[in-house]
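Step one of this worksheet: look at the structure below.
The values are calculated or read from the model by the stated rules, or taken from the named source; none is laboratory data. None of these values were measured; they are calculated from a predicted model. Positions of Cβ are backbone-derived with ideal geometry, glycine not excepted, and every protein chain shown enters the neighbour counts. Just the protein is used for accessible areas: all its heavy atoms, side chains included, with ligands, DNA and RNA removed. Shrake-Rupley method; radii C 1.70, N 1.55, O 1.52, S 1.80 Å.
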Amino acid sequence: MLSILLSIFIIQIVYVSASTLRIILTLKGQKYYASAISTVEIVVYVLGLNLVLQYLDHTLSLVVYAIGYGLGILVGSWIEEKIALGYVTLKVITNNAESALANNLRNNGYGVTSWLGSGRDGDRLVLEVLAKRKNEKKLYNLILSQESTAFIVTLEPKHLHGGFWTKVNRH
């Protein structure tokens, strides 16, 4: 019975991880990858459900199935974070209108658009920086190392067209 419970547990983690990735890929417009994953996902689902239904009279098999489901969501989310598909746009606002941050980020290979904004307490430097999601933390830390009081908002763009990014896609 232990091998059956372990099989249910592993199958459920694989199934739900695949399901989580499929949903995320679909939302990011990666329909072909999502479709491929869904093919594997449904085969694994049927195998797992078949095992659980065979042992429906064993409460422990349902508990293991449910725990595997929860862990599958965590594993799928963790995998997606490691893959880090897509891009992020960081909007950065600094109190120092004369900051060298924009040029420093450009020197590090990032495309930066900057302008002066007017805040409650005076002029602000406003930056928009585009990066691959896998480089988000590095970029965030680079900004804070130079402007520790910067206000930063992170957004995920769905479509990109033109500009620096299409010419040099390094970060």
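For the reader, a short list of remarks on this structure follows.
- Table column - 3J(HN,Hα) (Hz), segment 18-27, Karplus curve with 6.51, -1.76, 1.60, x for Gly and Pro: 5, 4, 4, 4, 4, 5, 5, 5, 4, 5
- A simple spin-label model places pseudo-atoms 7 Å from Cα toward Cβ; at D57 and N107 they are separated by 7.5 nm.
- Cα-centred dipole magnitude for the chain, charges only on beta-carbon of K, R (+1) and D, E (-1), debye, nearest 20: 520 debye
- Cα shape, segment 114-159, gyration tensor, a/c 1.5 rule: oblate
- Coupling constants for segment 119-136 follow from the phi torsions by the Karplus curve (6.51 cos²θ - 1.76 cosθ + 1.60, θ = phi - 60°), and in residue order they are x, 4, 9, x, 5, 10, 8, 10, 10, 10, 10, 9, 8, 5, 4, 5, 9, 4 Hz; glycine and proline get x.
- With protein chains left intact and a 1.4 Å probe, residues in the chain average 62 Å² of accessible area per residue.
- Straight-line cross-link reach from K132 at under 15 Å between alpha-carbon atoms covers these aspartates and glutamates, not counting any fewer than eight positions away in the same chain: E80, E81, E156.
- Shown is the FRET efficiency for I4 and K31, computed with R0 = 45 Å from the Cβ-Cβ distance and rounded to the nearest 0.05: 0.80.
- Relative contact order of segment 1-129, taken over Cα pairs closer than 8 Å and 6 or more residues apart, is 26 percent.
- In loop segments of segment 1-98 as defined by DSSP, the GluC sites (Glu not before Pro) with at most 15 further C-beta atoms inside 10 Å of their C-beta are E98.
- Principal-axis tilt of helix 59-83 within the chain, Cα atoms, nearest 10 degrees: 30 degrees
- Residue (of W78, L127, I8) at the positive-pole extreme of the chain, dipole from beta-carbon charges: L127
- Within the accessible surface of the chain, defined with a 1.4 Å probe on protein heavy atoms only, the carbon and sulfur portion equals 60 percent.
- Each residue of segment 1-141 gets 148 Å³ once the volume of the Cα convex hull is shared out per residue.
- Pairs exceeding a 21 Å alpha-carbon distance, out of K31/K138; K28/K134; K31/K91: K31/K138; K31/K91.
- Once the Cα-Cα distance is subtracted from the 0.36 nm per residue extended length, the V46 to I152 segment shows a gain of 33.7 nm.
- 3J(HN,Hα) from dihedral phi, segment 91-101, Karplus parametrisation 6.51/-1.76/1.60, rounded to Hz, x for glycine, proline: 9, 10, 10, 10, 6, 9, 5, 9, 4, 8, 4
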